[in-house]
Amino acid sequence: MSLATRKRFALGRLKTGEMNRTEAAYDAHLAEQERRGAIIWRKFEGLKFRLADNTFYTPDFVVMTSLFELECHEVKGFWEDDARVKVKVAASLYPLRFLGVTARAKKRGGGWEVEEF
């Protein structure tokens, strides 16, 4: 069966607590930052924020910097509008730093693009 005629299926959601490839790569990046002393703690899906009735937001990573500041890092391959809205709402309600992180293409040098909300 050729690629053009093969049925396409949605990948679906991973179970709570399971990282996708982008999140796993970012976790490795955070582990290196921890080894270097830039951060002192990290937790995948470590906090859950109530945004409204029956509406919650769980950032991909909660990070404590070497300055003892908590940050919430949302890792995306690409942004969907609803995800961006949830991060912006959380940033407006809670006194923490919220960062959006996307992988930079290898042809552009690799690494991570970071956006603060």
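Strands (runs of 3 or more DSSP E) fully within region 1-79 that include at least 3 residues being modelled with pLDDT of 95 or more and within 29 Å of K106 (Cβ to Cβ): 39-44, 61-65, 70-76.
Which one is farthest from I40 (Cα to Cα), of the residues in region 80-101 that are without any contact (Cβ under 8 Å) to a residue 60 or more places away in the chain and not in a helix (DSSP H, G or I)? Before the answer, list the steps.
So the first thing to find is which residues in region 80-101 are without any contact (Cβ under 8 Å) to a residue 60 or more places away in the chain, and the list is 80-100.
After this cut, where a residue has to be not in a helix (DSSP H, G or I) as well, the list is 80, 94-100.
On the way: E80: 30, Y94: 21, P95: 20, L96: 17, R97: 16, F98: 17, L99: 17, G100: 20 Å.
Once the filter is applied, the top-ranked residue is E80.
Pairs are defined by a Cβ separation below 7 Å, a sequence spacing of at least 6 or placement on different chains, a first member in region 52-78 that is at negative phi, and a second member that is of a type in the set (F, W, Y) and not in a strand (DSSP E or B); the pairs so defined are V75/Y26.
The values are calculated or read from the model by the stated rules, or taken from the named source; none is laboratory data. What you see is a predicted model, and the numbers here were worked out from it, not measured in a lab. With ideal geometry, Cβ positions are generated from the backbone for all residues, glycine too; neighbour counts draw on all protein chains shown.
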